[in-house]
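Worksheet: one structure, shown below.
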Amino acid sequence: MPNKDDTIEKFNVASDTEKNLLLPAVLATIVFTKKYFKANKELKKFTSDTLNINYKNYLFLSRTALYARIVKDFYLDIEKQKFLKTQLITFVEEKSTSVNNNHQKKKTSQNDVIAAWRKVINPND
């Protein structure tokens with residue numbers, strides 16, 4: 001099974017026709033993984049702000065039902081598909097930069113902790 005991050009990376013470098021084919025996979029990565037949205041309630045903001053569509057609350061109880069509805073609403077209509085593609089491109093770009101920034105901050109803080117422990121263990125260094 002391919003890595004979820006690979007799907008996003010393939011989407012970033014794909015041509016327009018390939019992006020159309022990758023839309024369901026990228027959407028599945030966004031909806032199903034907890035990397036972007038930890039709680040199902042957070043997906044409500046994603047659908048209303050990013051996709052500009054409001055769903056009833058019962059869909060947010062199940063990520064599977066929500067994903068199926070989004071695909072049904074957007075993937076069959078070519079104009080909506082173009083809109084979804086542009087929205088997902090901006091979402092992925094925003095999230096990938098914020099995830100990279102958080103990862104760099106985490107590494108720095110881990111290095112600080114390791115350096116502090118080294119001073120405790122070897123105070124002469």
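The values are calculated or read from the model by the stated rules, or taken from the named source; none is laboratory data. Computed from a predicted model, the values in this text were never measured in an experiment. Note that each Cβ is placed from the backbone with ideal geometry, even for glycine, and that neighbours are counted across all protein chains shown. Quick note on the areas: whole protein, heavy atoms, side chains included, nothing else; ligands and nucleic acids left out. Shrake-Rupley method; radii C 1.70, N 1.55, O 1.52, S 1.80 Å.
Return one whole number: the accessible area per residue of the chain in Å², for a 1.4 Å probe.
70 Å²
Calculate the FRET efficiency for residue 41 and residue 119 from the Cβ-Cβ distance with a Förster distance of 35 Å, rounded to the nearest 0.05.
Here the calculated transfer efficiency is 0.20.
Given a Förster distance of 25 Å, report the FRET efficiency between residue 89 and residue 112 from their Cβ-Cβ distance, rounded to the nearest 0.05.
Taking R0 as 25 Å, the efficiency between residue 89 and residue 112 is 0.10.
Sorted by accessible area with a 1.4 angstrom probe, largest first, how do 19, 35 fall?
Putting 19, 35 in descending order of accessible area: 35, 19.
Under the definition of Cα pairs under 8 Å and six or more residues apart, what whole-number percent is the relative contact order of the chain?
Here the relative contact order equals 20 percent.
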